[in-house]
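Here's the structure, in structure tokens; my notes come after.
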Amino acid sequence: MQEKAQFILRRSIQLSIGALLLVPSIARQTAWSQKAVAKGAQDYTHNVDPFIGVDWGGNTFVGSAIPFGLVKVGPDMETFDGRRSGFGYSSNGVVLGFSHLHLSGAQGKYGNILVAPVTGPLDLNDIKTPRADEVAKVGYYAANLTRYQVKAELTSSRRVGFHRYTFPASQQAHVTINVASALGLGKGWEDQTFLGAEIHLTSNHEAQGIARFTGGWNRGGEYRVFYYMILDTPAAATQTWTGNTLSASTDATVGASTPIGASFDFTTKPNQVIQAKVGISFLSAEQAKQNVQQEVPAWNFAAVRNAATALWNTELAKLTLSGESISQRRQLYTAMYHIMLMPTDRTGENPDWQSTEPYYDDYYCIWDTYRTSSPLLTLISPDRQRDMIRSLIDIYRHTGYMPDARSGNDNGRTQGGSNANVVIADAYVKGLKDIDYETAFAAMVHDAEVPPADPQKEGRGGLKDYNEKGYVTLADERSGSRTAEYSYNDFAISEVACGLGKTKEAALYAGRTHNFEHLWDKDMTVEGFKGFLRPRNPDGTWAPPYLVVRGTWPDFFYEGDIWTYSIYAPQDMRRLIEMAGGDEMFVHRLDNIFLRRHFDVTNEPGFLIPVLYNYAGRPDKTADIVHLLLEKAFMDNRAGIPGNDDSGAMSSWLIFSTLGIFPVAGQDVYLISTPSIPEASLALGNGKKLRIVAKNLDADGLNRYVQSATLNGDDLPTSWFRHAQIKDGATLTLTMGSAPSTWGKTMPPPSMSDPNFSLCAGSPPPSHRTN
């Protein structure tokens, strides 16, 4: 999602062939946990390793959070050479403290309200410590802070971080709270800026106030973090600081760029435990206090941790495996964990408008997640996906646009198309209920027709040229990737229009779905292959071919190249294959992409490429590539994710690819690749299961080719199936062999150019169309 220059440690792997909306109290959560234990429920959380993906640019969150929780409390660190982590964690270096808001799989935002235990003289410019004996589990983090000889432990509820510190004997022990700290503070284009804060010590064991920030990767406006901290032990003394000056004052206020915080000071005995609860709110400090009182009323750290574990077990139980390796089990359950860390459920915490609709923030970004994360949640957590979509629609009602990205309660930035359109269409054609599709359609049309004031913030840039000329010209940035994505966005709009009975609008947007062809230069030849997307000048003439490997904001392609975007037309792969020279030439082109290392497994634009062989009648080659990518790009260690996890986008790609099916986002179609596990099941939201059985599968992956398939006992000769065939529960049985077969070669997946194509083929019956 973010530019490579922004990630010093990002690994660029180029491969070749060879919950609850509200948690009212811990008492209730503990009851659930005890009930689960009493029933002997399986503990799936021990399969999760939160350290998977922390290195080499995966940027995955380490700390405690519940599914989609507002609070993600975890360590903020800097390396031993003084470079501060952009997402919080670092495998080497020192701990600066524990902050309460983080992203996962991305960086450039948050790191707010930093709490740190300290022993010895308090030096405000030198609060940092190495750590040892580090433990990260679902809903729990612990480490020994060796400089201070303090054991730190963290757990959390939805809006509260719970800290437990075990101190040594010390005449100078402190629990500090740094209100001005944040990740990525600076003066750069994508840096955060501290605007000011207040802290009020309302007793010898309580602090509350507000911290104000702006900016970050999404270049959002001001966001305000209200906090309330309460300790279980009265302090012997308290201090506040502004700048570098400590004071006995109980109140402090600063403006921009001035440090501010407080210290609760103690004389501790050996192994004395001091606990702190920190409530976070975006409404008020009083609301932050109420969050603590409602969600964590007691001082029972174990109960809070057990409740978080129970919530995660409920989510992780939606995936069951049989015959998997230990590594596969660790990877897949960790992937399930990662996809449920973002976006964040902020229902009841919206500072900008009042609404009875769900409210989610930290869509970071839909450009990443629409391809795999959204379709996965539609399968296993349809109620959660429904609520997210309702939040997108409500954001449109109050801001004018559905976001492509949103963080800090503000839209921004838009990297490609208006891909919330695809999310809406995906839900619609799969029959998600209780969504206001009429308003959703109005939001989609607004994207397609109303140029935004700031096209990096929201909406479609270059829209005037796109709608008048049929393509975006070099007068606007990212004109190639935008044109390709807008074409598919318009297909999504036409699907929903057709299903809602809006025939005129359906025809209008269906007519734009081939706009990508206006940038197709049939004579452009690269490495022996003819036909690629090429820039056009504002006057319509051809500009020189764009051959940069991976562009960024001002370029023709965003985070991709001609090999990636020239074959992105999931609405009509039959037509694109014809333009590229037919099935055989298209297969050669795909081979060349992998052989010449044009495929970038580290980023989302190419997610669909490995399974595109299915459209040209070669599912065996899909099997080869998917098997290779899983074997070489994904592991169960700290470098186990090949690029930014991007809010679980990479993790959801891993889940689908390991199970052997892959969604065509925005359509009711799943493509079959090759399963890597003998048997797996996904629990569907209606109590049914999708069971995938791979007969004759061997541990080495030699029997990776499908010989035959059945779906619910009926012969399945195609390398694809529709959502309607599995939505009420299904068993997909794949018989595997060591050599390619004729299976799946005769009828490719649907395309608009098919003689019998129907735009409304995937639309649900009328009963699914309304609220």
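The values are calculated or read from the model by the stated rules, or taken from the named source; none is laboratory data. Since the model is a prediction, treat every value here as computed from it, not as a measurement. Backbone-built Cβ (ideal geometry, glycine too); neighbour counts: all protein chains shown. Areas reflect the complete protein model, heavy atoms only, side chains present, ligands, DNA and RNA absent. Shrake-Rupley method; radii C 1.70, N 1.55, O 1.52, S 1.80 Å.
Taking a ≥ b ≥ c as the square roots of the eigenvalues of the Cα gyration tensor of the range 310-467, is the shape rounded (a/c under 1.5), prolate (a/b larger than b/c) or oblate? Prolate shape, in that a/c is at least 1.5 and a/b is the bigger ratio. The calculated FRET efficiency for the pair residue 549 and residue 299, based on their C-beta separation and a Förster distance of 60 Å, comes to about 0.60.
Is the range 517-654 best put as rounded, prolate or oblate by its Cα gyration tensor, with a ≥ b ≥ c the root eigenvalues, rounded for a/c under 1.5, and otherwise prolate when a/b is larger than b/c, oblate when not? Taking the square roots of the gyration eigenvalues as a ≥ b ≥ c, the range 517-654 is oblate.
Please work out how much length the chain gains when fully extended from residue 269 to residue 527, using 0.36 nm per residue of separation minus the C-alpha to C-alpha distance, in nm with one decimal. Write out the running numbers ahead of the final one.
Details: separation 258, 0.36 × 258 = 92.88 nm, distance 7.25 nm.
Roughly 85.6 nm would be gained on extension.
Under 30 Å of direct C-alpha separation, and excluding same-chain neighbours fewer than eight residues apart, residue 745 reaches these lysines: 430, 522, 530, 621, 632, 689, 695, 727.
Model label sites at residue 79 and residue 397, defined 7 Å from Cα along the beta-carbon direction, differ in position by 4.7 nm. Cut-off 20 Å, label point 7 angstrom out along Cα-to-Cβ of residue 222: give me the residues of the range 275-289 whose amide nitrogen falls inside. Zone members listed by number: 281-288.
In the assembled protein chains, residue 52 presents an accessible area of approximately 10 Å² (probe radius 1.4 Å).
Over the chain, dividing the summed -39,500 (n - 2.57) contributions of all DSSP H runs of at least 4 residues by the number of residues returns a 222 nm mean residue ellipticity of -7500 deg cm²/dmol. Here residue 127 sits with roughly 30 square angstrom of accessible surface, probe radius 1.4 Å.
Label reach from residue 250 (point 7 Å along Cα→C-beta): in the range 81-121, no amide nitrogen lies under 13 Å.
Going from most exposed to least, what order do 752, 635, 336 have by accessible area with a 1.4 Å probe?
635, 752, 336
When the alpha-carbon atoms of the chain are used, the pair Rg, Dmax equals 26.1, 82 angstrom.
Which of the GluC sites (Glu not before Pro) across the range 468-575 are loop residues per DSSP, with 13 or fewer other Cβ within 10 Å? For GluC sites (Glu not before Pro) across the range 468-575 that sit outside H, G, I, E and B with at most 13 neighbouring Cβ atoms in 10 Å, the list reads 527. Annotation for the range 70-158: chymotrypsin sites (Phe, Trp or Tyr not before Pro) lying in DSSP loop with at most 12 further Cβ atoms inside 10 Å of their Cβ are 80. Which FRET efficiency value, to the nearest 0.05, is calculated for residue 710 and residue 352 with the Förster distance at 56 angstrom and r the Cβ-Cβ distance? Taking R0 as 56 Å, the efficiency between residue 710 and residue 352 is 0.65. Of the residues 464, 504, 72, the one with the largest accessible area comes first in the ranking 504, 464, 72, computed with a 1.4 Å probe on protein heavy atoms.
An ellipsoid equivalent to the range 78-219, defined through the eigenvalues of its Cα gyration tensor, has semi-axes of 24, 19, 16 Å when rounded to whole angstrom and sorted largest first.
For residue 507 and residue 442, FRET efficiency with R0 = 22 Å and r from the beta-carbon atoms, rounded to 0.05? Display every interim value, and only then the final one.
Numbers: r = 18 Å, r/R0 = 0.82.
Computed FRET efficiency for residue 442 and residue 507 comes out at 0.75.
If you sort 357, 315 by accessible surface, 1.4 Å probe, largest first, the order is 357, 315.
For the range 626-686 versus the range 172-233, the spacing of their alpha-carbon centroids is 37 Å. Would you mind classifying the range 628-676 by shape? Square roots of the alpha carbon gyration tensor eigenvalues, ordered a ≥ b ≥ c; an a/c under 1.5 is rounded, otherwise it is prolate if a/b is larger than b/c and oblate if not. It is oblate, given that a/c is not under 1.5 and a/b is not larger than b/c.
Take every pair of alpha-carbon atoms less than 8 Å apart whose residues are at least six positions apart; their mean separation over the length of the range 420-475 yields a relative contact order of 19 percent.
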